[in-house]
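Structure record follows, encoded as structure tokens.
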Amino acid sequence: MKSPDAELHSKILPAHRSRCAYLYVRQSSHYQVEHNRESGRRQYGLVEWIEQRGWPRERIRVLDDDQGRSSSTPQTRAGFGELVTAVGRGEAGLVVGLEISRLARNSPDWANLMYLGRGTQTLVADETGVYDPAQPTDRMVLGLRGQM
């Protein structure tokens, strides 16, 4: 059985690192942005986490346009739209969020992002691990997490 570190590194391939890593930073309301500063620090701190996994800083894109915005409609989330576009175009090797189940705020958006990631060999990660939507077991875990 592989150790968690070995399994993580077996998922991240040079082809992933040749593309950009996208960090999606988001808090739902202005109140959260102003008063939950620790969450913001943890989210922006994921840049270092990404670098430790082999991405140079110049290929890490931080998408924080959606800070303090409700996610009731996709049109209000320009950053999420940019993320989906990058994944769909095959420009993203890795998508990272503090908690990946919170990347999309509804099931159709989540399913679409995972479907695109599967087709473009884009990995999805948070502090708990790295997931490959093309692998059946990871897809099952991502599906469950997306429902939570």
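A few notes on this one:
- Residue within the range 3-10 that is within 20 Å of residue 132 (Cα to Cα), hydroxyl-bearing (Ser, Thr, Tyr) and either in a loop (DSSP other than H, G, I, E, B) or at pLDDT below 85 (or both) present: yes
- Filter pass, residue 83 being open to solvent by 10 Å² or more (accessible area, probe 1.4 Å) and either in a helix (DSSP H, G or I) or at pLDDT below 90 (or both): no
- Within the range 127-148, being modelled with pLDDT of 90 or more and not in a helix (DSSP H, G or I) holds for 129, 130, 131, 132, 133, 134, 135.
- Here residue 113 does not qualify as of a type outside the set (Gly, Ala, Ser), in contact with a strand residue (DSSP E or B) (Cβ under 8 Å, 6 or more places away or on another chain), assigned to a loop (DSSP other than H, G, I, E, B) and under 25 Å from residue 54 (Cα atoms).
- Some residue of the range 87-104 being assigned to a helix (DSSP H, G or I), more than 13 Å from the chain's Cα centre (by Cα) and more than 21 Å from residue 52 (Cβ to Cβ): yes
The values are calculated or read from the model by the stated rules, or taken from the named source; none is laboratory data. This structure is a prediction, so every number in the text was calculated from the model and none was measured. Virtual Cβ from ideal backbone geometry, glycine too; neighbours counted across all protein chains shown. These accessible areas exclude ligands, DNA and RNA; they are computed on the full protein's heavy atoms, side chains included. Shrake-Rupley method; radii C 1.70, N 1.55, O 1.52, S 1.80 Å.
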